[in-house]
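Taking it in order: structure first as C-alpha cells, then the write-up.
The values are calculated or read from the model by the stated rules, or taken from the named source; none is laboratory data. The model shown is predicted, which means the values in this text are computed figures rather than measured ones. In this analysis, Cβ positions are derived from the backbone assuming ideal geometry, glycine residues included, and neighbour counts consider all displayed protein chains. These accessible areas exclude ligands, DNA and RNA; they are computed on the full protein's heavy atoms, side chains included. Shrake-Rupley method; radii C 1.70, N 1.55, O 1.52, S 1.80 Å.
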Amino acid sequence: MRASIARALVTGPDLLLMDEPFAALDEITRQRLNADLLALWQAQRFTALFVTHSVFEAVFLAQRVVVLSARPGRVIADLAIDAPYPRASEWRVSLRYAQLCREASAALESGVAPDERGTS
C-alpha cells in the first residue's frame, strides 16, 4: 500500500483521490498508514479526497467529514473536524475524538433507510 501511495505522490499532484485504500488491512497496519498519510500531507500539502467506511479513520484523518446517505447517495452531513495537526495516536483515545466519532456515526445512521436498519 505504501508503494501505491508513493507512486501516486511521485508526480506531486495537487489532488489525491483515494477510494478505500486501507480497507483490506489489519487495524495496526491501517493506523500506521493513517499516520504516514498525515505526515505526507503535512510535508506536501496536497488535497486528498479519501473515501472510507470507517468513521474512526475519517475522523482521525480529516479536516472535514462528508457523510453520504444510502441510495440515492446525497450529502446528509458535513462535519468540521477541528482538531489540530499533527494528530498523534493519543488523539484516538481523547474525549473530543470520541465525540466527533459519535456525531459522524449518528449522521451515518440517519442516512440509512429503515429497511437497511433491520426495521420496517
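What the table shows:
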read-out: Single residue of the range 50-82 satisfying the filter (of a type in the set (A, V, I, L, M), under 9 Å from the mean Cα position of the chain (by Cα) and closer than 22 Å to Asp14 by Cβ) that is most open to solvent (accessible area, probe 1.4 Å); value: Val51
read-out: Inter-residue pairs, beta-carbon under 6 Å, first surrounded by fewer than 10 Cβ atoms within 10 Å (Cβ to Cβ) and in the range 1-15, second among the basic types (Lys, Arg) and assigned to a helix (DSSP H, G or I), 6+ apart; value: none
read-out: Any pair with Cβ under 9 angstrom, 6 or more apart, that starts in the range 23-45 at a residue that is more than 16 Å from Ser4 (Cβ to Cβ) and ends at one that is in a helix (DSSP H, G or I) and among the polar types (S, T, N, Q); value: Gln31/Ser89; Ala35/Ser89
read-out: Qualifying residue in the range 35-44 (condition: polar (S, T, N, Q) and within 14 Å of the chain's Cα centre (by Cα)); value: no
